[in-house]
Each structure stands twice: as structure tokens, then as C-alpha cells.
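Step one of this worksheet: look at the structure below.
Please treat every number below as a calculation from the coordinates, not as lab data. None of the values given here were measured: they were computed from a predicted structure. Please note: Cβ atoms are built from the backbone with ideal geometry, for glycine as well, and neighbour counts cover all protein chains shown.
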Amino acid sequence: MSADPVVQIENVSKIFEGGTEALRDVTLSIAPGSFTALLGPSGCGTSTLLKLIAGLIRPSAGSITSSFPGRGHMGYVFQDATLMPWADVARNVAMPLDLMGLDEAETRIRVATALKLVGLEEFASAYPRALSGGMKMRVSLARALASKPEVLLLDEPFAALDEITRNRLNDDLIRIAAEENLTIIFVTHSVFESVYLADRVVVMAPRPGRPVADFEPMAPAGRDQDWRLTSGYTEMCGKVSEAVQAVVGGADV
Amino acid sequence: MSKTALRLLSPIMLGIGLLVFWEVMVRALDVPVFVLPGPLVIFEALVTNFASLMASAWATLTITLAAFLVALFAGVGLAILFSRSRLVELMVYPYAVALQVTPVVAIAPLILIWVGYERIELALLILATIVAFFPILSATTLGLKSVDHGLRDLFRLYGASRWQTLIKLELPSTLPLLLTGMKTSGGLALIGAVVAEFVAGSGTATGLAWRIVEAGNRLDIPKMFAALLLLSLLGITIFLLLSALEWALLRKWHESMVKRES
Ligand SMILES: Nc1ncnc2c1ncn2[C@@H]1O[C@H](COP(=O)(O)OP(=O)(O)O)[C@@H](O)[C@H]1O
Ligand SMILES: [Mg+2]
């Protein structure tokens, strides 16, 4: 088949100390350059799965291998921008490079490049409190891009934003993913968002968290908002919706 | 009149008004000086005893500042230790609280005996530090516990060392709370120094508190007021300096420094 997976998750289970079984026997391989959406109701273990991939927590069973060990190869974006309020935008974006010990000149170039990617060149010396929610998320995205990662993990990154801002950030993300040749794993609760963004949608079920359906929506390269109006898009949304409905039993959505 | 001018002038105007009222009333009612001296007499006492009062103010200030600095470093240091080891926190914290809730006046005689009257300065320093220490410890402990979990995760993701995490994440996160603790602690250090001087008593102490006792014994009420005035000026100066430090460090980014229309 295609090239070796960037991330290989094999028979992974995670049981937290309190006894919550967050994930059971998850097997998933992530192809290089792919855009995978993890879709499911709250509590289906998506955040846990991303933390496992990032190596922030250890699996109770199974194994996770990444073809890029070492730091700086994974970027992580949370639902909150999680910026350091005491540091201006440039220093926030520089944080990963700073921690990894890059020299100043290289850091400055990378920060400038990352800010340009998200369209915030003008705001390098602004403090987070002066920025709108959408701009804060852009800073958060720039910070994740600064270390030039191979893999970008996004945990409901735009869920707290208004729809207009969210759509713009989605388009920017598609552009950046293509330009930087990124592998993306994107958690969302929205069927429409997942089908719009991803070229693969993995539907997860809760209690315990596990993948139950795997779609390849085959979003056209260079897609834009017009794609939302096509019948291909609508059809795929319908199919994915059905899988989600099956998971939640048509109730408590 | 501009808002800033109003903010500066209005308390000054009130102060001058009260002083004039005080002077007038003391004269009109013919209040004896040993009951309540007027502002002019107090000022006169300040001028006559200027050298000795300033020397005393300097002595009290030195103890206060030293106690504040020791409390700052010890409090922050212990809080960091607590954040690194839950066991240490569980073991030590109750004793820190016990030290805090026991009135310093009650501990003072014991400390004085242990340290010895020949090293009175050290005894005063220890007592003032005990009083000033707790707000720093509790503010820093709370601050270190409240560090954003997402940021902690990111620091781990990028392989930050403990030292990097402390300097670049934990201390900056704690700074606003620490500065509040420092303002409380600065005032308490002065109170601690004064109380310790009172307890230390005759002959040995040289600070402002002792001048007050001494003047009281001689019924030199104007001098008492003059020393009291210097004490409160010390307290106000410490508070203003720490507020200025807070403003300088937080003004660019902290919510408490944002001016809003409504
Ligand atoms: N650190 C933790 N300790 C204990 N239980 C947790 C922890 N993190 C998540 N869980 C539990 O694991 C389950 C999955 O959580 P999570 O991965 O956050 O789901 P999602 O992100 O899909 O909403 C939930 O029941 C949650 O309460
Ligand atoms: Mg989640």
C-alpha cells in the first residue's frame, strides 16, 4: 500500500486511576500527509487519544509508535488558546523553540514565518489580552507550527469560536496543511466540519472510547467554501451522520 | 480638573483640612500638650529630635526590609518545595500554619531568650520574619497549584526541564498572586518589627517602637506622635513601593491593570 504510517496505534487501551475506561483496544494507523478527523460525542476518549499520541500520558495496554521520535515533531492545539498571558505574541510563538534551545536568530526567523502563515505578522508585539478569540487561536496555531512539526494534533481547536471565524480558520488550516505537508489529526463534534476538512473521518463511540466507523470523504484538494454546496459533500455528511446517530442511538445528542 | 490631579489632590486637601481643624480645636479648647498636642507642636518635636528619630527609623526599617526579604525567599522557596513534593507539604504545612496563628507577642520572649539579648537584632529579625512569612508562602503555594494545565502539557511536550518549567511557566503564572502576598507581607514585616521591639524592651532596642515607649514613659507626647508619624510614613512607603513594583511588572498583561469604560 502507501508509505509507512506516521503514527501507528496498536490495540491501545487506557484506564484512568479512578477506573474510567477511556479507550478500549484502539487500532489506527495515520498515513503521512493525511488529514484525519476524529468525530464523536463528548467523553468518547478523543482527548485521551491525542494525549497518548503526543506521549503526555502512557497507555494501559497496547503500543503507539511514531516515525518521528524526539521533541518538536508534534504540534498540539487545544480548545482554549492556552497562551502565556505575560508574554507577547512573538514570545508565545517562540515558546517551543525556546524550550528546545534553538538559537535566537533561527528562532526569530521561524516565529516570523509561523506568524505569516496564520496572518498575524502585524501583531507580534501584542499581548494576548488585546486579541480576539479567533486571533488567539491563530497564535496558538502559529506556536504549534513554529517547531516545524510533521504531525499536528488539534483538539476541538475552533469549537469555542463563532461560525464565521471558524470557517475562515478551517480554510486557513487546509491551506497550511497543504503548504507545510502536514499530517493532521483533528478532533471535532461537528459532522459538517469533519467532512469539510478531512480526507478521512473516524467515528468514535463512548464508554469505552473506540473507533466504530472509518470514512474516506475524499475532499477535493484545494477545496473552498463552494464545496459545501456540492452534492458530494451533502451525501458524505449524510453517511457520516448516520454512523454518528448509530453510536448515540439517536438520543442525547 | 483632570482625574489624576483629583486623585492626588483630594486626599491631600482632606489631610490639610483635618490638620488645620486639629490645630484650631486644640488651641480653642486649650487641650494640654500631654493629652493631645497640636500638629505644630508635633512638628516641632520632630525637628528637635530629628537625628535620634531618624536613626531609630533607620533601625526599624533595616529590620523590616531584612525580614521582608528573608520571608520572600524562604516563602517562595518553601512553596516551590511543596509543589515538588506533596509529602513535604503534608508534613510541614501544619507547622507553618501553627507558627502563623500563634501571636508573635507570645513567641517573642522565648525567641529573645534563645537568641540572647546580646544579639537583639537577630531576634527582632526572626520575629518580624515569622510574621511576614505566611502570606508569601500561601500566595505562592496557591499560585503554583493554579498553573494552567494546558501550558503544563505543552511544556512537557517540548521536553522542558524542571528549571525551565519553574522559570518560564510556574513563576510568571504565580507572579500576580505573589505580588499581592508581598504587599500584605511588607506591612506585616513592619508590624512584626515593631511588636518585637516592644517586647524586647528597655535599653537594648533602638528602633521607633522603643522611642515611642521611651517618650511615653517621660510623658513626652509630642515626641510620641512624631515617632508614630514616622512609623506610618514607613508603612505607607513600603506599600507604595510594592504597588509600584506590581504596576511595573503587571501593567502590560494582567487583567487587574486594564482600564475599562464600564
Ligand atoms: N485524567 C483523567 N483522569 C480520570 N478520568 C479521565 C481523565 N481524563 C479523561 N478522563 C475520562 O475519560 C473519558 C474520556 O475523556 P476524554 O478523552 O476527555 O473524552 P473526549 O475528549 O472525547 O470528550 C471521560 O469519561 C473522562 O471523564
Ligand atoms: Mg476532549
With n ≥ 4 as the cut-off for DSSP H runs, can you work out [θ] at 222 nm for chain B, using -39500 (n - 2.57) per run divided by the number of residues, rounded to the nearest 500?
-27000 deg cm²/dmol
Full extension between A:ARG175 and A:ARG108 adds, at 0.36 nm per residue less the Cα distance, a length in nm of 21.8 nm
Karplus couplings for the stretch A:71-86 from phi (6.51 cos²θ - 1.76 cosθ + 1.60, θ = phi - 60°), rounded to Hz, Gly and Pro as x?
8, x, 8, 10, x, 9, 10, 8, 5, 8, 5, 6, 8, 7, x, 7
Using a Förster distance of 22 angstrom, determine the FRET efficiency expected from the C-beta separation of A:VAL212 and A:THR234, and round it to 0.05.
0.50
So for chain B, if I pair up every lysine 8 or more residues apart or on another chain, how many of those pairs have alpha-carbons under 23 Å apart?
7
State, as an integer percentage, the relative contact order of the stretch A:82-180 based on alpha-carbon contacts under 8 Å between residues 6 or more apart.
33
Based on alpha-carbon centroids, what's the gap between the stretch B:156-203 and the stretch A:1-80 in Å, whole number please?
41
For the protein assembly as shown, what is the percent of antiparallel DSSP beta bridges, rounded to the nearest 5?
45
Give the residue list of chymotrypsin sites (Phe, Trp or Tyr not before Pro) in the stretch B:15-95 that are DSSP loop and have at most 12 other beta-carbon atoms within 10 angstrom.
B:PHE34
Report, in debye and to the nearest 20, how large the dipole of the stretch A:84-148 comes out about its Cα centre when Lys and Arg carry +1 and Asp and Glu carry -1 on their Cβ.
260
How much length would be gained if the chain were fully extended between B:VAL88 and B:PHE43, taking 0.36 nm per residue of separation minus their Cα-Cα distance, in nm to one decimal?
10.9 nm
How would you rank B:TYR117, B:TYR158, going from fewest to most other Cβ atoms within 10 Å of each one's own Cβ?
B:TYR117, B:TYR158
Could you pull out every residue, at least 5 positions away or on a different chain, whose amide H is within less than 5 Å of the one on A:MET204? Hs are placed 1.01 Å off N in the peptide plane, and Pro or chain starts have none.
A:LEU39, A:GLY40, A:VAL212
Taking a point 7 angstrom from the Cα of B:LEU245 along the C-beta vector, which residues in the stretch B:59-84 have backbone N less than 13 Å away?
B:65-76
State whether the stretch B:1-44 is rounded, prolate or oblate according to the following rule on the C-alpha gyration tensor (a ≥ b ≥ c being the square roots of its eigenvalues): a/c under 1.5 gives rounded; otherwise a/b larger than b/c gives prolate, and the remaining case gives oblate.
prolate
In terms of Cα to Cα distance under 15 Å, which aspartates and glutamates are near enough to A:LYS14, apart from those fewer than 8 places away along the same chain?
A:ASP25
For the stretch B:57-261, calculate the relative contact order in percent as a whole number, restricting contacts to Cα pairs under 8 Å that are 6 or more residues apart.
28
Spin-label model distance (nm) - B:TYR95 vs A:GLU122, 7 Å beyond Cα toward Cβ
5.9
Taking the Cα centre of each part, how many Å lie between the stretch B:207-262 and the stretch A:92-110?
43
Centre separation in Å (Cα based) which lies between the stretch A:223-246 and the stretch B:40-85
71
Convert each backbone phi in the stretch A:158-163 into a coupling constant with the Karplus relation 6.51 cos²θ - 1.76 cosθ + 1.60 (shift: θ = phi - 60°), then list the ³J(HN,Hα) values in order as whole Hz, x for Gly and Pro.
10, 4, 8, 9, 5, 5
In deg cm²/dmol, rounded to 500, what helix-only [θ] at 222 nm does chain A give when every DSSP H run of at least 4 residues adds -39500 (n - 2.57) and the total is split over its residues?
-11500 deg cm²/dmol
Ranking of B:VAL115, B:VAL131 by count of other Cβ atoms within 10 Å, fewest first:
B:VAL115, B:VAL131
Using a ≥ b ≥ c from the Cα gyration tensor of the protein assembly as shown (square roots of the eigenvalues), is it rounded, prolate or oblate, where a/c under 1.5 gives rounded and otherwise the larger of a/b and b/c decides, a/b for prolate?
prolate
Checking the a/c ratio against 1.5 first, then a/b against b/c, what shape does the Cα gyration tensor give for chain B?
oblate
Treating only the Cβ of Lys, Arg, Asp and Glu as charged (+1, +1, -1, -1), what charge dipole size does chain B show about its Cα centre? Round to the nearest 20 debye.
880
Normalised contact order of chain A, rounded percent, pairs of Cα under 8 Å and 6 or more residues apart
26
Among the GluC sites (Glu not before Pro) in the stretch A:1-69, which ones are in a DSSP loop with at most 15 other Cβ atoms within 10 Å of the Cβ? Mind listing them?
A:GLU17
Quick one: which residues, 5+ away or cross-chain, put their amide H under 5 Å from the amide H of A:LEU154? H built at 1.01 Å from N.
A:VAL77, A:ILE185, A:PHE186, A:VAL187
Counting other beta carbons within 10 Å of each residue's own, what order do A:LYS14, A:LYS116, B:LYS252 fall into, fewest first?
A:LYS116, B:LYS252, A:LYS14
